[in-house]
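Have a look at the structure below before the remarks.
FYI, it's all coordinate maths here, none of it is from the lab. Computed from a prediction, not measured in an experiment: that's the story for all the values here. Heads up, the Cβs are rebuilt from the backbone with ideal geometry, glycines too, and the neighbour counts pull from every protein chain shown.
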Amino acid sequence: MDPLADLSRRVAEAIRSATTTLNVPAGFPGSDLMIRYAEQVSAVPRLWAEPLRRIVEEQRRLAELMAAWAEQHRQLAEQLAESAELLRRLSEEGAAMVDPILTYAARLSDVTDSWIDLLRPRDAS
């Protein structure tokens with residue numbers, strides 16, 4: 001980038017110098033043309049460097065955003081893993097408390113069914 005800008009400045013200076021050294025009259029048709037050409041040559045690096053600079057800056061900003069998002073995602077994943085582990089433990093503890101109650105309820109139902117069977121009248125036939 002700097003070599004091209006330097007080259008453009010040198011060309012512009014050479015053209016300015018040529019128009020002043022040769023004592024080209026101000027009204028001479030070529031003098032204004034040469035000066036405008038020198039100005040345009042000098043502006044070339046700026047014309048494409050600024051958009052390129054903005055692209056590089058935008059890429060840098062995007063990379064920072066992605067890194068921040070990745071960090072937030074990592075933290076959220078850790079929190080979810082901790083929550084899942086807690087839920088698993090609570091589920092196991094809940095099952096350990098409820099399973100005996102369910103077993104007791106099933107046995108109680110079986111006993112009740114057997115009492116009902118004993119109390120039913122039998123066919124005399």
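Applying a DSSP loop filter and a limit of 14 other Cβ atoms within 10 Å to the trypsin sites (Lys or Arg not before Pro) in segment 81-125 leaves Arg122.
Overall, the ratio between the Cα radius of gyration of segment 23-120 and 2.2 N^0.38 Å, rounded to two decimals, is 3.29. Dipole of segment 28-125 computed with +1 at Lys/Arg Cβ and -1 at Asp/Glu Cβ about the Cα centre; of Leu33, Gln72, Pro45, farthest Cα towards the positive end is Leu33. For the pair Glu93 and Arg46, the difference between a 0.36 nm per residue extended length and the Cα-Cα distance amounts to 9.9 nm. Fully extending the segment from Leu102 to Gln79, taken as 0.36 nm per residue of separation minus the present Cα-Cα distance, adds 5.0 nm.
Subtracting the Cα-Cα distance of Glu71 and Asp113 from their residue separation scaled by 0.36 nm leaves 9.1 nm.
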